Amino acid sequence: MPAPEAVVFDAYGTLLDVNGAMERHAARLGARWAALSAEWRAKQLEYTWVRSLTGAAHHEDFWLCTRDALAFVFARHGIADAALERDLMEAYRILPAYPEVPAMLAAIRARGITTAILSNGTPGMLAAAVEAAGLAKQIDEILSVEEVGVFKPDPRVYRLATRQFGCPPDDLVFVSGNAWDGQAAHAFGMRVVRVNRTGAPDEYGLAAAGIPALTDLSSLADLLA
């Protein structure tokens, strides 16, 4: 893979462990914490897609979608614990990075390649998360969908990256742990790498399109060499 102008990462589920908030409070949630975390994530994404599809008048930022999704999950499971709900939201601000991420970012930047985040998160959420995860010195640019007021996978989101770097889409490598996100970036014309930590089946014909799939990000710098 020829060296790109920049490597652009999704944040949540790619660099940052979206299960980290509920895992932090697993003792208070019990054995079901992982299932609750998966449901929270699914509902969070559903809210972003529905709000994008129903138009700009219905846009709420990612923090509010995350809050509303958690409230739904708590209500569905009969969990009435305002303090725990508040603590989970605060934990979501400081999600941990996956273990290999700091060294991977350092290796990419050592090759002279710019690193960036392109995320549904608000600027405030992303700044707090990157700082808490110890990634601030390894990320050169942070791009939020709030600049265009619509969530992924709308093409306007991916255009933020080409505008930022002043280059065509295929000069950028986009890395995501979400197959739907990778498909959208591929459709936009970016080179894509999928990180598939759970061994999920191929989706959207990504494998047939020649899109590399990694089990984690530890080998990404070598892939770009």
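Structure notes:
- Those residues of the stretch 122-141 which are open to solvent by 40 Å² or more (accessible area, probe 1.4 Å) and in a helix (DSSP H, G or I), in sequence order: Pro123, Gly124, Ala127, Glu131, Ala132, Ala136, Lys137, Gln138
- One residue from Leu105, Leu126, Leu135 being in contact with a helix residue (DSSP H, G or I) (Cβ under 6 Å, 6 or more places away or on another chain) and under 15 Å from Phe9 (Cβ atoms): Leu105
- All positions within the stretch 36-59 that are of a type in the set (A, V, I, L, M, F, W, C) and exposed (fewer than 13 other Cβ atoms within 10 Å of the Cβ): Ala42, Val50, Leu53, Ala56, Ala57
- Checklist (1) touching an Asp or Glu at 6+ places or on another chain (Cβ under 9 Å); (2) under 15 Å from Val101 (Cα atoms); (3) in contact (Cβ under 8 Å) with a residue 60 or more places away in the chain applied to Asn196, failing item: (3)
- Among the candidates Phe62, Phe74, residue that is open to solvent by less than 30 Å² (accessible area, probe 1.4 Å), outside the structural domain of Ala213 (by the TED database), closer than 20 Å to Val130 by Cβ and not small (Gly, Ala, Ser): Phe62
- Qualifying positions in the stretch 158-180 - within 19 Å of Glu147 (Cα to Cα) and among the small types (Gly, Ala, Ser): Ala161, Gly166
- Pairs linking a residue in the stretch 78-91 that is at pLDDT 95 or above to a residue that is polar (S, T, N, Q) and not in a loop (DSSP other than H, G, I, E, B), with Cβ atoms under 8 Å and 6 or more positions apart or on different chains, are Met89/Thr66.
- Taken together, Ala185, Ala207 contain a single residue that is assigned to a helix (DSSP H, G or I), among the aliphatic types (A, V, I, L, M) and in the same structural domain as Ile108 (by the TED database), which is Ala185.
The values are calculated or read from the model by the stated rules, or taken from the named source; none is laboratory data. A quick note: this is a predicted structure, and the numbers were derived from the prediction, not measured. So basically every Cβ, Gly included, is an ideal-geometry build from the backbone, and we count neighbours across all protein chains shown. Only protein heavy atoms, including side chains, enter the accessible area calculation; ligands, DNA and RNA are left aside. Shrake-Rupley method; radii C 1.70, N 1.55, O 1.52, S 1.80 Å.
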